[in-house]
Structures are given as structure tokens and as C-alpha cells.
Amino acid sequence: MIAKLSYLLVVLLFFAGCRKEAFETIPKLVLKDVKVQEVNTSFGNGTIIEVEFDVLDKEGDVKDSIFIQKVDAAKIPCPANSILTNLDYKIPDYPSSPRQKAIFRLKFSTIQLNGYALLGGANCLPRKDTSIFRFRVKDKAGNISNELVTTPIAIPR
């Protein structure tokens, strides 16, 4: 019986030692959700896109900037479609702590809506705008996260 318990203890310690820590000095981005929805307003019809991802950081100092890029991903390219290129935005101030997991929710719209970044559209009719989005964040120490890339997103209008 003692031999079995000792064996179990050794196996548990082995797996506990192999577990990789999710919180590192370099921020890590993990995609949670992408929502695409058509909207009809008195201002016009359009599409909203919400991208949600977790940011894991050992020091909790992801407060510098976020890099956003929108790249055309259609089989028949539209040269004017890569409209959000090399944009760096200051990350708003928020309470932080060591070993922090923060949720970032980025909101885009093809029409003017309060709380959404305007996502101008390329005129590539008759096809839909199909794009991928790339994100990276930089912390106060200058560490740049992994690049988070969405799957191709069809933006109806």
C-alpha cells in the first residue's frame, strides 16, 4: 500500500513540475471570441466586429500600447482593403497587479457608432470584405507579446 501511495506521489509531483506557468514576463495574448453582427440604425446599415482576448502578464504592466493591423484575406484581393495598418494605440489606464489576466475587447464598426472604432471599407463590390486582424501589445518594460491573428472574417458591409 505504501509503495502505491509513493508511486502516486511521484507521478503527481512529476506532473506538477511539468506544468508550464502561463504568466511570463513577455505578455501572452489568447483569443477568446470574435463576434460579427450586422446592424441597422437610423444612420445607416453596417457591421460591427468585436474581438475579445485575454492578456496574461507576470508583472501586470501591460499599459503601453496595442498594435492593430487589418489585412485583406480574400482569394481575389482588393488592394485598398488593408486599411488599418501599423496602428499603435495607447492602452487606457486600468488597475493592475502581478500575475495579471486582463480581458481586452476591441470594437470596430463599418458605420459611425458610439464606442466603436470606425472601420472604413474598401469598395470591392460585388464581393464581401474578407480580412484578418493582427494584434500585439507592449508593456511598460518594452516587452512585445506574441502576435494574435484571427481567422478570416467576412464583413458584409
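The values are calculated or read from the model by the stated rules, or taken from the named source; none is laboratory data. Bear in mind that the values here come from a model prediction, so they are computed numbers and not experimental data. Ideal geometry is used to build each Cβ from the backbone, glycine not excepted, and the neighbour counts take in all protein chains shown.
Flag not set for Asp72, criterion: at pLDDT 85 or above and crowded, with 16+ Cβ neighbours inside 10 Å. The set of residues in segment 75-87 being among the hydrophobic types (A, V, I, L, M, F, W, C), out of contact with any Gly (no Cβ under 9 Å at 6 or more places or on another chain) and either within 16 Å of Ala117 (Cα to Cα) or modelled with pLDDT under 60 (or both) consists of Leu87 alone.
The residue of segment 104-125 that is modelled with the lowest pLDDT, among those that are surrounded by 10 or more Cβ atoms within 10 Å (Cβ to Cβ) and either polar (S, T, N, Q) or within 14 Å of Asp57 (Cα to Cα) (or both), is Thr110.
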